[in-house]
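Asker: Mind having a look at this structure? Questions to follow.
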Amino acid sequence: MFFGRKTHGDAAAGPHATTILRDVVEVVAIVAAGAWAFYVFIYQNRILPSFAEPDVNITASMQRLSERNGLIAVGLRTAYRNVGSVKAHFTGIAVNVYGQRITPSEPRVTRESAPLAYDFEGFYRIGPRVPVYAYAYVTQLGNPKTGQDIEIDPGTMFENYRTFYVPQGRFQMLTVCIDAPFTKYENKTVPTHLAVGPYGNVKVVTQLTSQMSQYGVCPVASLDVR
């Protein structure tokens with residue numbers, strides 16, 4: 001009787017223990033699936049990107065189009081691509097094109113001990129930059145009074161195309177410089193204005209904060225127009 005009841009009790013407890021174990025495994029699986037879903041859809045897609053800074057790649061190209069009435073027509077294309085993981089909001093954009101002359105020159109070497117930067121122009125000299133074309137604007141993020149608005153989603157881009165003219169024979173090289181501050185924040189105006197130089201070149205002036213990415217590259221591209 002004693003051994004018989006023990007054997008009977010073990011047989012009854014077996015299916016019950018299996019059911020409990022199965023329930024525990026199912027609960028653990030559900031919790032694990034929920035944690036994984038939270039990690040993928042919430043943390044990776046929303047929380048983690050919110051800590052990232054916007055990353056924008058800006059390129060430019062120029063093409064000589066035609067000549068007429070002593071002027072050279074040049075096509076200018078600029079492209080702004082968001083290569084980061086968060087949306088980029090611009091406060092303003094300034095594009096300046098400069099003309100320069102190139103003249104022959106004899107090699108001159110100025111020796112310095114342990115230089116940190118070095119350029120050698122062996123048989124030519126490049127003259128000073130002369131502004132020949134510029135366009136710029138402030139966006140609504142920089143000033144709510146303007147009607148311009150530029151924002152780029154991750155993995156997308158926008159382009160601008162303009163045509164300008166330079167006197168034939170006046171310059172031998174054209175260079176493009178771009179000033180385009182941007183941020184990932186869009187809920188607060190960043191005071192921005194344009195500063196026009198005495199010779200026609202222009203710059204975007206914005207409030208420098210830790211939330212802004214200051215993009216200024218010169219030159220971005222160049223073109224030989226000899």
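Asker: Would you confirm, using the coordinates I've provided, whether residue 147 is part of a loop (DSSP other than H, G, I, E, B), closer than 24 Å to residue 193 by Cβ and of a type in the set (Gly, Ala, Ser)?
Answerer: Considered against the rule, which asks whether it is part of a loop (DSSP other than H, G, I, E, B), closer than 24 Å to residue 193 by Cβ and of a type in the set (Gly, Ala, Ser), residue 147 comes out as yes.
Asker: What are the pairs, 6+ residues apart or on separate chains, where a residue within region 46-69 that is among the hydroxyl-bearing types (Ser, Thr, Tyr) and in a strand (DSSP E or B) has its Cβ under 6 Å from a residue that is surrounded by 13 or more Cβ atoms within 10 Å (Cβ to Cβ) and modelled with pLDDT of 90 or more?
Answerer: 59/79; 61/77; 61/221; 66/73
Asker: Next question. Listed residues 118, 133, 165, 199; which is farther than 20 Å from residue 56 by Cβ, out of contact with any Cys (no Cβ under 9 Å at 6 or more places or on another chain), assigned by TED's automatic domain parsing to the domain that holds residue 83 and without any contact (Cβ under 8 Å) to a residue 40 or more places away in the chain?
Answerer: 118
Asker: Assigned by TED's automatic domain parsing to the domain that holds residue 213 and touching a Lys or Arg at 6+ places or on another chain (Cβ under 8 Å): does that describe residue 110?
Answerer: Considered against the rule, which asks whether it is assigned by TED's automatic domain parsing to the domain that holds residue 213 and touching a Lys or Arg at 6+ places or on another chain (Cβ under 8 Å), residue 110 comes out as no.
Asker: Additional query: Checking residue 175 against (1) out of contact with any Gly (no Cβ under 6 Å at 6 or more places or on another chain); (2) not in a strand (DSSP E or B): exactly one of these is not met. Which one?
Answerer: Single failed check for residue 175: (2).
Asker: Continuing with this model, one more query. Restricting to region 195-222, what's the tally of residues that are buried (at least 17 other Cβ atoms within 10 Å of the Cβ) and more than 19 Å from the chain's Cα centre (by Cα)?
Answerer: The number of residues fulfilling the criteria is 2.
Asker: State the number of residues belonging to region 95-144 that are surrounded by fewer than 18 Cβ atoms within 10 Å (Cβ to Cβ), in contact with a strand residue (DSSP E or B) (Cβ under 7 Å, 6 or more places away or on another chain) and of a type in the set (Gly, Ala, Ser).
Answerer: 2
Asker: Still on this structure, please answer the following. Which of the strands (runs of 3 or more DSSP E) found entirely inside region 76-143 contain at least 2 residues meeting this: under 21 Å from the mean Cα position of the chain (by Cα) and at pLDDT 95 or above?
Answerer: Passing ranges, in order: 92-100, 130-138.
Asker: So is residue 159 in contact (Cβ under 8 Å) with a residue 40 or more places away in the chain, within 16 Å of the chain's Cα centre (by Cα) and not in a strand (DSSP E or B) or not?
Answerer: no
Asker: Of the residues that make up region 12-21, is at least one part of a strand (DSSP E or B) and modelled with pLDDT of 70 or more?
Answerer: Checked against the condition, which is being part of a strand (DSSP E or B) and modelled with pLDDT of 70 or more, region 12-21 yields no hits at all.
The values are calculated or read from the model by the stated rules, or taken from the named source; none is laboratory data. Please read all numbers here as calculations on a predicted model, not as lab measurements. Please note: Cβ atoms are built from the backbone with ideal geometry, for glycine as well, and neighbour counts cover all protein chains shown.
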